[in-house]
Amino acid sequence: VNLVEIGGAELALLLALGASHETGGHQIAGARYRFDPDCPSPADLDGSGTVDAWERGCVCWVEVGGKPLDPARRYRVALNNFMFDGGDNLAPAMRGATLLTEGPLVRDAIVDSVGKHAGCVDEQPLVDPAQPRIEVGPCP
């Protein structure tokens, strides 16, 4: 789990790259976004000079902390080393990223968290159904 600083424009690109793959969008916390998997005007997200078949999704909007994403601002993001290293065609979004902290392997962080919270019951839902973190559908 790495703590990374990334520009707002690159964060939007990171989400667009994730939305363009068959796996759907990247899972997030502290933010919300909407993507259209059948984008009417797909873009060359990886900068190859052509719009490849996998580059079919587009991000409609992004909110961070309840406010619209600012492309000029820098954001702190936690992600795994595979994403930070540019895996799954994410390299264009990571070009300007700065590694702030390199943490434990994801599996170790999960085991540690489960161990610390064993037996805990939280009545609060993880996601508010009225405000989902990820929306899928046409851009308004």
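Please identify which residues in region 35-78 have an amide N closer than 17 Å to a label point set 7 Å out from the Cα of V106, following the Cα→Cβ vector. Those under the cut-off are 77-78. Between 0 and 90 degrees, rounded to the nearest ten: what's the tilt of helix 106-116 against the longest Cα principal axis of the chain? So the inclination is approximately 30 degrees. In the chain, the longest principal axis of the Cα atoms and the axis of helix 8-19 are about 90 degrees apart. In the context of the full set of protein chains, the chain has a per residue accessible area of 61 Å² (1.4 Å probe). Across the chain, C-alpha contacts under 8 Å between residues 6 or more apart give a mean separation that, scaled by the residue count, equals a relative contact order of 40 percent.
By the rule of a second cysteine Cβ within less than 4.7 angstrom, the chain holds isolated cysteines at C120.
The distance linking region 1-70 with region 72-100 is 12 Å (Cα centroid to Cα centroid, whole angstrom).
Assuming R0 = 25 Å, what is the FRET efficiency of S113 and E63, from their Cβ-Cβ distance, to the nearest 0.05? Efficiency for this residue pair is about 0.45. Between the amide H of W61 and those of R34, distances stay under 5 Å, these residues lying 5 or more places away or on another chain, with hydrogens modeled in the peptide plane. Assuming charge only on the beta carbon of Lys and Arg (+1) and of Asp and Glu (-1), the dipole of the chain about its Cα centre is about 380 debye to the nearest 20. Surface composition of region 1-125: carbon plus sulfur atoms hold 54% of the accessible area, using a 1.4 angstrom probe and ignoring ligands, DNA and RNA. Each listed q (0.08, 0.19 Å⁻¹) maps to a log10 I(q)/I(0) for the chain, found by the Debye formula over equal Cα scatterers with no solvent: -0.24, -1.21.
The values are calculated or read from the model by the stated rules, or taken from the named source; none is laboratory data. If you're wondering where the values come from, they're calculated on a predicted model, not measured in any experiment. For neighbour counting, all protein chains shown are included, and Cβ atoms are generated from backbone atoms with ideal geometry for every residue, glycine included. For accessibility, only protein heavy atoms count, side chains too; no ligands or nucleic acids. Shrake-Rupley method; radii C 1.70, N 1.55, O 1.52, S 1.80 Å.
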